[in-house]
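Asks: The structure under discussion is supplied below as structure tokens; questions concerning it will follow.
Here, each number is a calculation from the coordinates, and none is a lab measurement. Keep in mind it's a predicted model, so treat the numbers as computed, not measured. Neighbour counts are summed over all protein chains in view; Cβ atoms, including those assigned to glycine, are modelled from backbone coordinates with ideal geometry.
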Amino acid sequence: MTVRVVPLHSPEASDSRAGGTAAERVALVAELSEMLWTRAGKPLPAYTRATMPIVVTTLGARRDRD
């Protein structure tokens, strides 16, 4: 999954595909994530936010880009 970090008050941040406040959208993501993990028959991940298995790179450093 590719994500893009933008300033909270930028025009891009206000382009919400789902309505509601930021807190309501975060709650929606949490609810949908739990529902989908359950439907997949898998337990919710046990890692913390600080230990999530991610890699942070710049767009230019990605090998899958032209």
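Asks: In debye, nearest 20: dipole of the range 23-66 around its Cα centre with unit charges on the Cβ of K, R (+) and D, E (-)?
Replies: Roughly 160 debye for the range 23-66.
Asks: Please pull out the direction-averaged projected area of the range 22-61, using the convex hull of its alpha-carbon atoms, in nm² to one decimal place.
Replies: The Cα convex hull of the range 22-61, projected and averaged over all directions, gives 4.4 nm².
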